[in-house]
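One structure is given below, encoded as structure tokens.
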Amino acid sequence: MTTPRPTGRSTAIGDNHPSLRERVYVELRERIIEGDYPSGLRLVEREIADELRVSRVPVREAMQRLESEGFLSVQPRRGSVVAEFGPEDAAYLFDVRENLEGLAARLAARRASAERLRDLERLLARARKAAETGRLREAVSLNADFHRRIVELSGNPLLVDLMAPLDSRLRRLFRLTSAQSDGEPMCGAHERLFEALRDRDEDGAETLARAHVAATRTSTLRLLAELPETV
């Protein structure tokens, strides 16, 4: 299958960009997350390089990085294909998230500045408005940002590094289930967690974060199982 080109945006990157390798990697990762490159699609290195107007070297390096992160898999006689993301993959992700996000919430309650908490509150307001007006995909995206922000507020660089690849997988998972999900319950859980962060309630923040991940696990696995095919 020929690698498709996403519509509605310019895709040329150009060899002279100072962060070329990172730009190519981010572009390909976002295409997978957003579904422009669906599961099972074979990615052709030469075609992608021609489209982005770069040499094949940064494309090859980006694809190797995406393979190491679980976005691509190498299959006999097919080469690199977009990896599936099924219920088992989601379960593994939630196993790790429950523990790390609980820790992140505890540290954020201890360390987050008042200014950054106000930023988090504004993000929640945007997510609530998106959910209430039926813009569920936007609400889901903003709610995923909420999780990433809490990790950043933890003030622990190692935790941020550990969670970064998980964040990309989480975004892909939420994108896959956004059409069937209801953003309102998630907004409510996030608002309660925010209150614990604002009140500097470390125990409460960790408990709420863990409970939220556990509840999201149940609903997300159900939604994945209801999809017409593994994605």
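Any chance the stretch 178-186 includes a residue that's touching a helix residue (DSSP H, G or I) at 6+ places or on another chain (Cβ under 9 Å), modelled with pLDDT under 95, under 23 Å from ILE32 (Cβ atoms) and open to solvent by 70 Å² or more (accessible area, probe 1.4 Å)? Yes - at least one qualifying residue is present in the stretch 178-186. In the condition set (1) closer than 24 Å to ALA215 by Cα; (2) in a helix (DSSP H, G or I), VAL59 is compliant with all but (1).
Of the residues making up the stretch 71-106, those that are of a type outside the set (A, V, I, L, M) and closer than 15 Å to GLY40 by Cβ are PHE71, SER73, GLN75, PRO76, ARG77, ARG78, GLY79, SER80, GLU84, PHE85, GLY86, ASP89.
Taken together, the criteria place PRO87 among residues that are surrounded by fewer than 17 Cβ atoms within 10 Å (Cβ to Cβ), more than 27 Å from LEU197 (Cα to Cα) and in contact with a helix residue (DSSP H, G or I) (Cβ under 8 Å, 6 or more places away or on another chain).
Within the stretch 27-47, residues that are touching a residue at least 12 places away in the same chain (Cβ under 8 Å) sit with their Cβ atoms under 6 Å from residues that are surrounded by fewer than 19 Cβ atoms within 10 Å (Cβ to Cβ) and among the charged types (D, E, K, R), at 6+ positions apart or across chains, in these pairs: SER39/GLU84; ARG42/ARG78; GLU45/ARG56; GLU45/ARG60. Looking only at the stretch 201-224, which residues are within 14 Å of ILE150 (Cβ to Cβ), hydrophobic (A, V, I, L, M, F, W, C) and open to solvent by 50 Å² or more (accessible area, probe 1.4 Å)? If the condition is that a residue be within 14 Å of ILE150 (Cβ to Cβ), hydrophobic (A, V, I, L, M, F, W, C) and open to solvent by 50 Å² or more (accessible area, probe 1.4 Å), then LEU208 is the only one that fits.
State whether one or more residues within the stretch 69-81 are assigned to a helix (DSSP H, G or I) and open to solvent by less than 50 Å² (accessible area, probe 1.4 Å). No - not one qualifying residue is present in the stretch 69-81.
Of all residues in the stretch 62-76, those that are without any contact (Cβ under 8 Å) to a residue 60 or more places away in the chain and over 10 Å from ARG29 (Cα atoms) have Cβ atoms under 9 Å from Cβ atoms of residues that are of a type in the set (Asp, Glu) and assigned to a helix (DSSP H, G or I), 6 or more apart or on another chain, in SER73/GLU67; VAL74/GLU67. Scanning the stretch 123-157 for residues that are more than 19 Å from ALA209 (Cα to Cα) and open to solvent by 40 Å² or more (accessible area, probe 1.4 Å) yields ARG126, LYS129, GLU132, THR133, GLY134, ARG135, LEU136, ARG137, GLU138, PRO157.
Do we find a residue being closer than 30 Å to GLU84 by Cβ, open to solvent by less than 10 Å² (accessible area, probe 1.4 Å) and not aromatic (Phe, Trp, Tyr) anywhere in the stretch 104-119? Yes, that holds for at least one residue.
The values are calculated or read from the model by the stated rules, or taken from the named source; none is laboratory data. This one's a predicted model, so the numbers in the text were calculated from it and none came from an experiment. Note that we place each Cβ from the backbone using ideal geometry, even for glycine, and neighbour counts take in every protein chain shown. Note: areas computed on protein heavy atoms with side chains; ligands, DNA, RNA excluded. Shrake-Rupley method; radii C 1.70, N 1.55, O 1.52, S 1.80 Å.
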